[in-house]
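Written below as structure tokens is the structure these notes are about.
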Amino acid sequence: MLPIPINLDTINKLYGLDLTSEELERFFASRRETVDEIRTAEDVVVSTVGRELYEKFFRGYTRKQWGVDPSLLNKSVTARVPTRTDRDDRYFGDSFQKMPAGGYTRMFQRMLDNPNIKIMLQTDYRDIQASIPFRRMIYTGPVDEYFEWSLGRLPYRSLRFEHVTLDCEQFQPVAVVNYPQTEDYTRITEYKHLTGQQSLRTSLTYEYPTDVGDPYYPVPRAENEALYKRYEALASDVPDVWFVGRLATYRYYNMDQVVGQALATFARMQKSLPVAASIENEAAE
Ligand code: UDP
């Protein structure tokens, strides 16, 4: 069991070494491959840490997660995961890293607890679109579905989550363990490490990547990005429908990025059609 993202401890434990950060720089330098133009998810890793570490940590995991070889995926997929020569084992390098105070569930409950918001679950928006009047629509579903797949299907990757509760206090020593080489699942998350919950039992989730099921990830590949661009051109011609989020803008966004996109879109919406002004116009009519 080793830390990922790859850092000083990963290499020292894996090879039984006692390198310093400076020595690790030279270790990577002696192993990394020269890649003229870094284009793919494979290029990113082999040009940083070399092929052996790529094969141990990235190749199998990526094939499982995406159903294709890393050499066919855009560099952005593995560029998300940093390589470090110090002992920092966190995923992100941002100066400020926070969770919503009461967790994401509470955050969404509070947002939705507004008399102007009505939720209809298990409802296809096409079934109600004609009967619910709207001036503007914010669409967060798959962009190709909005256009009834008129240009063909954009692939999305999904996950099957298997939730398990065990009669033991702890299953694994950390919150997330990735399985880059064995098993059909990519990772197991044990929540109590994240929440600090004390309990005699423990809850886990296994993640099995799949093509079927709710779409969660766009698949970043040149051919998919080209098809998305054509849908994006159609989307920009639809008056007052705003496409937001991972599925509607076909981008592999993290939570902070998707919040940033939502706020930026809101600012653009207000500029294009000030709500107060349009309400006044309606009143005048
Ligand atoms: N990845 C990998 N091995 C790992 C962790 C990540 O090969 O142990 C690759 C894999 O292609 C994955 C991508 O890096 O899809 C991004 O990883 P991340 O953990 O950010 O994926 P997410 O949490 O978005 O599913």
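Here is how the numbers come out for the structure above:
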read-out	value
Projected label distance in nm at His193 and Val68, using a 7 Å step from Cα toward the beta-carbon	3.1 nm
Potential extension, Gln270-Gln257 segment - 0.36 nm per residue separation minus Cα distance	2.7 nm
Candidates Thr20, Thr78, Thr48, ranked by Gaussian network fluctuation over the chain, Cα under 10 Å, top entry	Thr20
Glu232-Val164 pseudo-label distance in nm [points 7 Å out on the Cα-to-Cβ vector]	4.1 nm
Total lysine pairs under 19 Å (Cα atoms) in the chain, excluding pairs fewer than 8 apart on one chain	6
Shape category assigned to segment 1-105 from the gyration tensor of Cα positions, a/c cut at 1.5	oblate
Global form of segment 52-142, assessed from the alpha-carbon gyration tensor, a/c cut-off 1.5	oblate
Total charge dipole magnitude, segment 72-214, about the Cα centre, Cβ charges on Lys, Arg, Asp, Glu only, Debye to nearest 20	600 debye
Distant-in-sequence amide H partners of Gly245 (H built 1.01 Å from N, under 5 Å)	none
Förster radius 35 Å - calculated FRET efficiency between Asp86 and Ala222 (Cβ-Cβ, nearest 0.05)	0.55
Charge context of Arg160, other residues only, Cβ under 12 angstrom, K/R +1, D/E -1	-4
From phi via Karplus (6.51, -1.76, 1.60), per-residue ³J(HN,Hα) for segment 42-49 in Hz, x at Gly/Pro	6, 3, 4, 7, 5, 7, 10, 10
Selection of chymotrypsin sites (Phe, Trp or Tyr not before Pro), segment 83-117, meeting DSSP coil and at most 14 other Cβ within 10 Å	Tyr91, Phe92, Phe96
Length-normalised contact order of segment 85-237 in % [C-alpha pairs under 8 Å, at least 6 apart]	24 percent
Shape of the chain, Cα gyration tensor, a/c cut at 1.5	prolate
Which of Tyr217, Leu194, Thr85, positive extreme of dipole for the chain (C-beta unit charges)	Leu194
Cβ charges +1 (Lys, Arg) and -1 (Asp, Glu), total dipole of the chain, debye	220 debye
Environment charge at Met99 (Cβ cut-off 15 Å; Lys +1, Arg +1, Asp -1, Glu -1)	+3
Neighbourhood charge, 12 Å Cβ-Cβ cut-off, centred on Asp86 and excluding it, Lys, Arg +1 and Asp, Glu -1	-2
Dipole magnitude (debye, nearest 20) for segment 52-145, charges at Cβ of Lys, Arg, Asp, Glu	240 debye
Karplus 3J(HN,Hα) series, Hz, for segment 254-264 with 6.51 cos²θ - 1.76 cosθ + 1.60 (x for Gly, Pro)	7, 4, 5, 5, 6, 5, x, 5, 4, 5, 5
Mean ellipticity per residue at 222 nm, deg cm²/dmol - from DSSP H runs of n ≥ 4 across the chain, formula -39500 (n - 2.57)	-9500 deg cm²/dmol
Ala130 versus Tyr179: modelled label distance in nm, points set 7 Å from Cα along the beta carbon direction	4.8 nm
Segment 81-111: trypsin sites (Lys or Arg not before Pro) falling in loop per DSSP and having at most 13 other Cβ within 10 Å	Arg87, Arg90, Lys98
Protection proxy ranking of 226-236, 116-126, 55-65, 254-264 - average other beta-carbon atoms within 10 Å, highest first	55-65, 226-236, 254-264, 116-126
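Here, each number is a calculation from the coordinates, and none is a lab measurement. Quick caveat, the model's predicted, so the values are computed rather than measured. Because the Cβ atoms are built from the backbone with ideal geometry, glycine has one as well, and the counts that use them run over all protein chains shown.
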